[in-house]
1. Return the whole-Å distance between the Cα centroid of region 39-114 and the Cα centroid of region 122-199.
2. Using only the alpha-carbon atoms, how far is helix 22-38 inclined from the longest principal axis of the chain? Give it as 0 to 90 degrees, nearest 10.
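Bear in mind that the values in this text are calculations on the coordinates, not laboratory data. Being a predicted model, the structure only gives us computed values, none of them experimental.
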Amino acid sequence: MTQDPDARLAALQQRKLELTSSFELIKLNHEIASLARDELMDLELAADALREILDLDPADARALSELSALLRQLADFHGLMEILAQREMLCDTDDERVALNLEIATLADELLDDKDRAIDALRQVLLFSPTHARAWEGLERLYTVTERWSDLVELLELRVAFVSDVEERTRLLERLAAVCASQLEDDARAASYLARIKE
């Protein structure tokens with residue numbers, strides 16, 4: 001006869017008090033997290049067990065991944081942001097860094113209303129993937145929303161350098177001219193962007 005989940009949890013927690021090895025504590029906390037999440041439906045307890053694992057081994061990929069998922073379910077977006085930043089530091093590839101920074105940017109912008117953090121994450125994306133369209137578009141939108149006009153002009157100038165499509169280049173130069181004229185009140189600079197359209 002199998003033990004009920006509460007009794008199994010109590011037995012695991014008792015065993016935890018007797019352990020001194022980090023390896024064994026990590027293994028046991030993984031068991032507790034699984035039991036709490038899957039059978040007891042206690043997401044907070046599962047998250048606590050995963051945090052204990054990360055206290056012992058901050059690079060435990062399984063704990064980081066599972067805790068990310070739990071924090072999403074718990075709508076603990078500040079905690080999730082910390083875990084995503086921790087995961088980003090452990091990435092092996094640029095593709096992984098891009099994906100995590102896009103997730104951080106979305107979380108910061110849409111759920112935490114932290115535009116500066118979203119901007120930082122999108123700038124990181126461009127460091128690893130300089131032609132990433134979603135990062136360019138996100139930065140353009142965020143710089144506009146936050147009225148960071150000088151940053152927007154710098155971004156658009158960089159983007160013009162990467163664009164080979166004539167229509168897109170024209171749109172960017174027109175946008176540059178509009179921002180310079182209306183937001184920076186620099187008509188001469190606006191005219192120089194418009195002149196470049198004809199080149």
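1. For region 39-114 versus region 122-199, the Cα centre distance is 33 Å.
2. The angle comes out near 80 degrees.
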